[in-house]
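Working notes, beginning with the structure itself.
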Amino acid sequence: MGVILGEAVGDAGAGPKLPQSELSTCETGLAQPTQPFHTLFCSFWLCDCQVQSAKHAITAVTDCGFAGNVAFPVQLWHLGFVFLYFYGIPNFGAEQLVRAPPRIPAIKSEEGLALEPAPTTLAANPTASEADEAANAAKVKDPYGFYLHVYGDPAAVIYQVREVKKFFPRSPIYVMSDGGLDFSALCEKEGCTFVLCPPANDRWHPWPFFRRLYDAAVSLNTKYIIMLEPDNTVHSYVKRPPPADVGGLLVTSRQFGLVKYVERMAKQRVPNFKWTSRSMSSGLCGGAYFKREAILDALSDESMMKLDWNYLGEKLSKEIFSSDFALQYAFAARGWVIEPWEDAAQMDKDKYQPLTGARDATFKHYCSCYPGGKPTYNLKLAKQDAKLFKSGGYEMTSGPYSSSVCQVCYNHSRYLELWGSARCTNSIPFHLSEKLLQRHHPEMQTKPCDLPWLCVPGAMRGRGADSWQPTAAPVDPLASYTLLDDATLTCPAETKKLDSVDQCQDAANKLNKKLAYTDELYQEADPPGCIFRVPDNDVYFNAPEEGQKNDGRRLICQNVVSDREA
């Protein structure tokens, strides 16, 4: 979500593997010789130590690949190796089998990447002290809890739950399905919590998205919540502890708008807060972490509704409603520190080298451009796992869920009508503004509703919420305008800036230019005021907080008539 729109299995950061001729199980990562270890040991220390003048002999070991007697001089170091081979190694090996279960052969995806299942535990007979130690360790709660945001892709979801359990055996797992498949049986078997929420395409609607993450944080009750999506892969326990309150993938050169608006809100809680470029470069998608206390503060129904989402949506683009962007605004508006996390890597077109993040990162996130496709989406469902999920009961191809990919489609009243309560969404009513509805769903102004989440199907939609409006500036019918030749932020003497879209429309008409937009925009990279876009040969009204000089933009200024001229 977000700009990264922008999650290899196994260690994609590992170098090239040995050829199969040299390893018996390359995919497990264990370099096992094609001959048993004791055969090589015997061949080297016994077979290759033959001498013609041997005084003593021992019975040959058939594992060495020969029969008969092997002769060599009897010396203490020879006897030592014989003792080690016949007694020491077998006993050491037997002890290790009890202490550490063997790795299970890997499952392979269609692209051939190794996908290791969570290992089973071999039966053992621990001592009383070992049993007590294991019992006490099991009681210690891991600081990391996991929130899995899912919909379909059962093979990927089942695999991911098992991978989390493998590397984080003491961490609780909370699985939330956005009106998709029901994984209750999976969680009953694997020991996780499952919640089936009504469908909302919450990735594009922060009101349900925030509430569901908030509910997970309450349930998990761990210091950190790590959010995963089905296309993430998990490779180890955390290698680099979280450095801030919130963090995720590094997204280079990303900036957000309305910074001063957000900072003014944040300073009510943190007086010297700055929403820095480094903070903005953190992608809060699958693989991101959040302090539980930050979630419970910033994503509460009351806190998130202090942001004027209609104002943000009107001044910026619709991406403000995508979860990756919306989370940034919510946490920054409460003064929580956000930083990129090296332990989350973004995999791109290179199969092994991440675009950002550490090569050995614990969590990996994949773009659709990854060679062979996203690895977990190539997994085939094991026959025995088919009983671990079922349909969630919501219509997934028709009816209300046909709107599953609808963006900017949230209506609190319709949510209550469709699903009977505000469960899994914000309890405080919110309705999109009329301006946003006209901008993103213009067809609904003249046609009956066909978006069940917004309005009653077949009926004309109601009017959206009133939005913030700038102070109207009257148009002088006798006004004249000057299109400046140079890029600048200010109008020269005896001219003044235009103050409204209506004035900009009048200027465009009189200068024989096209007005590109009928409402004001927010473009921090352009100057404020009525702007002529040189490459596009059109005009629009810009209302940023500050604005910047842009070589491809020219101000249109109104000529000021002096008293003497009047």
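The values are calculated or read from the model by the stated rules, or taken from the named source; none is laboratory data. All values reported here derive from a predicted model rather than from experimental measurement. Glycine also receives a Cβ, built like all others from the backbone with ideal geometry; neighbour counts cover every protein chain displayed. Keep in mind that these areas ignore ligands, DNA and RNA; they rest on the heavy atoms of the full protein, side chains included. Shrake-Rupley method; radii C 1.70, N 1.55, O 1.52, S 1.80 Å.
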Tabulated pairs, segment 183-212, first more than 27 Å from F331 (Cβ to Cβ), second of a type in the set (K, R) and outside any strand (DSSP E or B), C-beta under 8 angstrom, 6+ apart or interchain | A185/K387; E190/R162; E190/K165; G191/K165
Residue pairs qualifying under the 6 Å Cβ cut-off, at least six apart or on distinct chains, with the first in segment 410-435 being under 22 Å from D519 (Cβ atoms) and the second being of a type in the set (G, A, S) and at pLDDT below 95, are H431/A465; L432/G464; S433/G464; S433/A465; S433/S467; E434/G464; K435/S467
For V405, work out the one condition from (1) surrounded by 14 or more Cβ atoms within 10 Å (Cβ to Cβ); (2) in a loop (DSSP other than H, G, I, E, B); (3) aliphatic (A, V, I, L, M) it doesn't fulfil.
-> (1)
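Each row is one residue, and each column tells you yes or no for (1) of a type in the set (A, V, I, L, M); (2) under 24 Å from K166 (Cα atoms); (3) surrounded by fewer than 24 Cβ atoms within 10 Å (Cβ to Cβ).
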| site | (1), (2), (3) |
| --- | --- |
| K318 | no, no, yes |
| A330 | yes, no, no |
| V337 | yes, no, yes |
| A361 | yes, yes, no |
| N378 | no, yes, yes |
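So, in segment 246-276, of the ones that are small (G, A, S) and at pLDDT below 95, which residue ends up surrounded by the fewest Cβ atoms within 10 Å (Cβ to Cβ)? Show your work before the answer.
First pass over segment 246-276, keeping only residues small (G, A, S): 247-248, 253, 257, 266.
Of the ones still in play, those that are also at pLDDT below 95 are 253, 257.
Values: S253: 8, G257: 19.
Checking each candidate, the answer is S253.
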Within segment 494-512, how many residues turn out to be at pLDDT below 95, surrounded by fewer than 16 Cβ atoms within 10 Å (Cβ to Cβ) and part of a loop (DSSP other than H, G, I, E, B)?
-> 1
Name the pairs: first residue in segment 506-519 and closer than 22 Å to E314 by Cα, second residue crowded, with 16+ Cβ neighbours inside 10 Å and among the aliphatic types (A, V, I, L, M), Cβ to Cβ under 6 Å, at least 6 apart or on different chains?
-> L515/A508; L515/V539
Identify all residues within segment 279-328 that are more than 17 Å from the chain's Cα centre (by Cα), more than 14 Å from F210 (Cβ to Cβ) and part of a loop (DSSP other than H, G, I, E, B); write none if there are none.
-> D308, L316, S317
Taking segment 186-245 on its own, how many of its residues are assigned to a loop (DSSP other than H, G, I, E, B) and either closer than 29 Å to Q407 by Cβ or open to solvent by 40 Å² or more (accessible area, probe 1.4 Å) (or both)?
-> 18
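With P470, P457 as the choices, which residue is surrounded by fewer than 17 Cβ atoms within 10 Å (Cβ to Cβ), modelled with pLDDT under 85 and in a loop (DSSP other than H, G, I, E, B)?
Details: P457 fails: modelled with pLDDT under 85.
None of the others qualify; the one that does is P470.
Pull up segment 148-185, narrow it to residues that are of a type in the set (D, E) and within 26 Å of K318 (Cβ to Cβ), then point me to the one that is surrounded by the fewest Cβ atoms within 10 Å (Cβ to Cβ).
Checked segment 148-185; the qualifying residue surrounded by the fewest Cβ atoms within 10 Å (Cβ to Cβ) is D153.
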